[in-house]
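One structure is given here, and the rest of the page talks about it.
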Amino acid sequence: MTDERSVYARAVLGPRDDLLDDVLRRSLLDRELPTIMVDDETGRLLQLLTRMMRPQRVIEVGTLFGYSAIHIARAMPPGGRITTLERDPAPAAIARENFAAAGVQERIEVVVGDALGYLRTVPRESVHMLFIDADKASYPAYLKAAYPLLAPGGLLIADDAFADGDFSAENGERGEPGRHPGITTYNRAVGRSPQLFSALVPTGTGLMISHKEW
């Protein structure tokens, strides 16, 4: 979303609440984590989709400091549970602090380690919503691992679907902006799959939303 449109969205929907402001301030300013979390409108959209889906089990690939997981957790139905996967223990620890501050820690399990390894342990068709916002080169591998886990009617959501950002901050290496082949491969696969109905929502970085057919 362009800056002008972000300003308009904030004007009509109101500012983010104080709790989210505190999460951003603590994570970005105090702890100096990279600004690669979802933007506010993507967070709101994730929260809206969760309200509509009422999923009992959600998996998130890529926690960082927990900004997107907080949005999802706020809309979870009674008994619902999120498992969020983060390979780096440092931001995972900050995420746990943020979940406690947001009062959603009882709904979220943080797993530190290899996401693909964890996904291989999850029973088939046991997940109702799965959100991917992690290293972009692995998007095709995440898709291959995640699809069998989705229950019929489940949602598979991937951030950064426009594939045109500078993703070097995600692995600490230098890089140049450009169309990321991993994301492009992912987009083509979900877009052409007869078992998924997909739409690319033009958020700031693009959100690919795929519904698993019944």
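The values are calculated or read from the model by the stated rules, or taken from the named source; none is laboratory data. This one's a predicted model, so the numbers in the text were calculated from it and none came from an experiment. Ideal geometry is used to build each Cβ from the backbone, glycine not excepted, and the neighbour counts take in all protein chains shown.
Give me the residue from the range 104-121 that is in contact (Cβ under 8 Å) with a residue 12 or more places away in the chain and of a type in the set (Val, Ile, Thr) and, out of that set, nearest to residue 70 (Cα to Cα). Here the answer is 104. Assess whether residue 92 counts as being under 28 Å from residue 25 (Cα atoms) and over 14 Å from the mean Cα position of the chain (by Cα). Taking the combined requirement at face value, the residue satisfies it.
For (1) outside any loop (DSSP other than H, G, I, E, B); (2) surrounded by 13 or more Cβ atoms within 10 Å (Cβ to Cβ); (3) modelled with pLDDT of 95 or more, each residue gets a yes or a no:
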position	(1), (2), (3)
177	no, no, no
182	yes, yes, no
189	yes, yes, yes
204	no, yes, no
209	yes, yes, yes
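Does residue 79 satisfy the condition of being modelled with pLDDT of 95 or more and either acidic (Asp, Glu) or over 27 Å from residue 144 (Cβ atoms) (or both)? So residue 79 passes the test. When residues in the range 141-152 are screened for being surrounded by fewer than 17 Cβ atoms within 10 Å (Cβ to Cβ), assigned to a helix (DSSP H, G or I) and in contact (Cβ under 8 Å) with a residue 12 or more places away in the chain, 2 of them pass. Please indicate, with yes or no, whether at least one residue in the range 112-125 is of a type in the set (S, T, N, Q) and buried (at least 17 other Cβ atoms within 10 Å of the Cβ). No, because not a single residue in the range 112-125 is of a type in the set (S, T, N, Q) and buried (at least 17 other Cβ atoms within 10 Å of the Cβ). Filtered by the rule that a residue be over 21 Å from residue 139 (Cα atoms) and buried (at least 16 other Cβ atoms within 10 Å of the Cβ), the range 58-95 gives 70, 71, 73, 74, 75, 76, 80, 94, 95.
Selection of the range 38-93 for residues being free of Cβ contacts under 8 Å to residues at least 60 places away in the same chain, charged (D, E, K, R) and outside any loop (DSSP other than H, G, I, E, B) yields 40, 44, 51, 74, 81, 86. Name the residues in the range 21-43 that are in contact with a Lys or Arg (Cβ under 9 Å, 6 or more places away or on another chain) and not aliphatic (A, V, I, L, M), would you? Matches in the range 21-43: 40, 41, 43. Among residues of the range 122-139 that are in a helix (DSSP H, G or I), those with a Cβ under 6 angstrom from a residue that is surrounded by fewer than 24 Cβ atoms within 10 Å (Cβ to Cβ) and not hydroxyl-bearing (Ser, Thr, Tyr), sequence gap 6+ or separate chain, pair up as 136/167; 136/180; 136/182; 137/182; 139/182.
A count restricted to the range 18-56 and to residues that are surrounded by fewer than 15 Cβ atoms within 10 Å (Cβ to Cβ), over 15 Å from residue 73 (Cβ atoms) and not charged (D, E, K, R) stands at 4.
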